[in-house]
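See structure below.
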Amino acid sequence: MAEPIANEFETLQLGDKRLDRRCKIIAERLAANPQARINAASQGWNETHAAYEFFDNDSVDEAKILDAHRDATMRRIDQQDSVLLVQDTTELDFTKHPTEDSGVLNEEYRYGLYDHSQIAFSETGLCLGVMDVKLFSHNPETLGQNSDQRKQLPIEEKESFRWLQGYRQACQLAGQLPDKQVISVADRESDLYDIFVEAAQHPSPADFVIRAKQPRCTPERDVATGPSVYKKVADEVASAPVSMRLQVDLTATPKRAARRATLDVRAKRLSIKPPHARKAELPEVELSVVEVREVNGPGDGTDVHWQLLSSLPIDTIDQIQRVIDIYVTRWPIETYFRVYKSGCRIEEIQLETNARQRRALMIYKVVAWRLMYLTMLGRQCPDLNCEAVFHEFEWKPVWKVVRDEPLPSDPPSLGELVLMIGQLGGHNNRRGDAPPGAEAMWNGLRRMKDFSLAWQAFGCDNSP
């Protein structure tokens, strides 16, 4: 059951109960109006001043803010049989509003932070919460290093180490929850051989599904008539029979038009050799490899072609399909980042120092999760009583504005209310339309806040 966003900070301990209360108030205000600036979301100058003092307080530990939300996330994970820990990185560009101590991005003149997040999802795509966040920026002195120089660094000194750290956190969770299946999911940048070795050697390994980036090979084999030989993983999988053929509708993107695609799926269990430069220090590993390739695609660079590396079994069609479904469930993290950056407008924050900014970002991470959670919960649990999520003074004015009908004797379902909130945010609600998306929800929630304030201020009741 969903709860007010303040409950995400139920276990918060900043060392002063006044700070704990202030954090909850700030979260409630920002959740009600996520696109507003802090002063516009606050109710009056006293709240605005208190919020800025909170962000400026060195006693406010950003990690503790996320720790409290993680505790609440663990309660939701406890209701699942399996959990997907999806990790990805996004760029926060503060070039227009840099702090006095801003870090740099990929160019010295671009200021900001990289946000590497690990977010928990159910296998049905319900966003359960943010498990970890790493905020970092480039060192201007290392921007000029070429790829060969970076490759010589130990893994712990590379930025890519964050992917291995994320997998280790998944293993830690698997050890804490031995009765649940924990699966780490990531895109091509996380294709690190160290993760595969870690999975083989860890006492409580998490499973994983990772899209391949590196051109890996099978181990060398002795051939009686000549030197040792090896095969490319891509060639080995391409030689496997087609396991199934899928028809999928691809949505339009800036790079492609919408189209119906035919996909061939092949799968094979293979031994993989370590990178040549580290052959002496790393062992071989065995992985499941699932290839998804578009048949007769347009050939314009938008053809679907995934090579998925996994620890999961692929002995049956259902098992192969599950690997694909789990990888597809990675995509909502892109929606999460869009809600975080566009829905909450975090790149417009103006808090003068990096420390203040980071404290605000931790609260916005939870606000963005809340938007994602409500959007998906309305789809997956439409029959839930809406008062499990929203107050009476929130749903009643929405009903009156959208339906223009007398209030019902019983609260509407969550599915009904989410649809109405979406309509406030611009969702057309035509026959055949998909349910409201995140953008319609964040716009609708902002309008709901205004209506609920008026409802309380003018003492509205149940009368028509």
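The values are calculated or read from the model by the stated rules, or taken from the named source; none is laboratory data. As the structure is a computational prediction, the values presented were derived from the model and not from experiment. Virtual Cβ from ideal backbone geometry, glycine too; neighbours counted across all protein chains shown. Only protein heavy atoms, including side chains, enter the accessible area calculation; ligands, DNA and RNA are left aside. Shrake-Rupley method; radii C 1.70, N 1.55, O 1.52, S 1.80 Å.
Quick notes on this one:
- When the stretch 251-266 is limited to residues that are in contact (Cβ under 8 Å) with a residue 24 or more places away in the chain and of a type in the set (A, V, I, L, M), the one that is surrounded by the fewest Cβ atoms within 10 Å (Cβ to Cβ) turns out to be 261.
- Odd one out for residue 447 among (1) in contact with a Gly (Cβ under 9 Å, 6 or more places away or on another chain); (2) open to solvent by less than 20 Å² (accessible area, probe 1.4 Å): (2)
- Residue ID - farthest from residue 23 (Cα to Cα), chosen from residues in the stretch 319-369 that are touching a Phe, Trp or Tyr at 6+ places or on another chain (Cβ under 7 Å) and hydrophobic (A, V, I, L, M, F, W, C): 339
- Meets criteria (within 30 Å of residue 215 (Cα to Cα) and either open to solvent by less than 10 Å² (accessible area, probe 1.4 Å) or out of contact with any Pro (no Cβ under 7 Å at 6 or more places or on another chain) (or both)) for residue 366: no
- Test result for residue 273, surrounded by 18 or more Cβ atoms within 10 Å (Cβ to Cβ), more than 29 Å from the chain's Cα centre (by Cα) and of a type in the set (Lys, Arg): yes
- Pairs with Cβ under 6 Å, 6+ apart, first in the stretch 193-206 and part of a helix (DSSP H, G or I), second among the aliphatic types (A, V, I, L, M): 194/155; 194/164; 195/164; 196/285; 197/282; 200/285
- Checking 41, 68 one by one, the residue that is free of Cβ contacts under 8 Å to residues at least 60 places away in the same chain, open to solvent by less than 40 Å² (accessible area, probe 1.4 Å), over 13 Å from residue 22 (Cα atoms) and of a type in the set (A, V, I, L, M) is 41 and no other.
- Unique residue being over 30 Å from residue 208 (Cβ atoms), open to solvent by 70 Å² or more (accessible area, probe 1.4 Å), acidic (Asp, Glu) and touching a residue at least 12 places away in the same chain (Cβ under 8 Å) when the list is 10, 47: 10
- Evaluation of residue 457 against the conditions (1) surrounded by 13 or more Cβ atoms within 10 Å (Cβ to Cβ); (2) within 21 Å of residue 41 (Cβ to Cβ); (3) not charged (D, E, K, R) shows that the sole unmet condition is (1).
- When we screen 285, 304 for residues that are in contact with a Leu (Cβ under 8 Å, 6 or more places away or on another chain), open to solvent by less than 30 Å² (accessible area, probe 1.4 Å) and not aromatic (Phe, Trp, Tyr), the only hit is 304.
- Total residues in the stretch 431-464, condition small (Gly, Ala, Ser), modelled with pLDDT of 85 or more and in contact with a Pro (Cβ under 9 Å, 6 or more places away or on another chain): 3
- Residue 408 vs. criteria modelled with pLDDT under 90 and either in a loop (DSSP other than H, G, I, E, B) or open to solvent by less than 20 Å² (accessible area, probe 1.4 Å) (or both): no
- The lone criterion from (1) assigned to a loop (DSSP other than H, G, I, E, B); (2) surrounded by 12 or more Cβ atoms within 10 Å (Cβ to Cβ) left unmet by residue 248 is number (1).
- Those residues of the stretch 303-319 which are in contact (Cβ under 8 Å) with a residue 24 or more places away in the chain and closer than 16 Å to residue 247 by Cα, in sequence order: 304, 306, 317
- Selection from the stretch 389-442 of residues that are free of Cβ contacts under 8 Å to residues at least 24 places away in the same chain and under 20 Å from residue 36 (Cβ atoms): 422, 425, 426, 440
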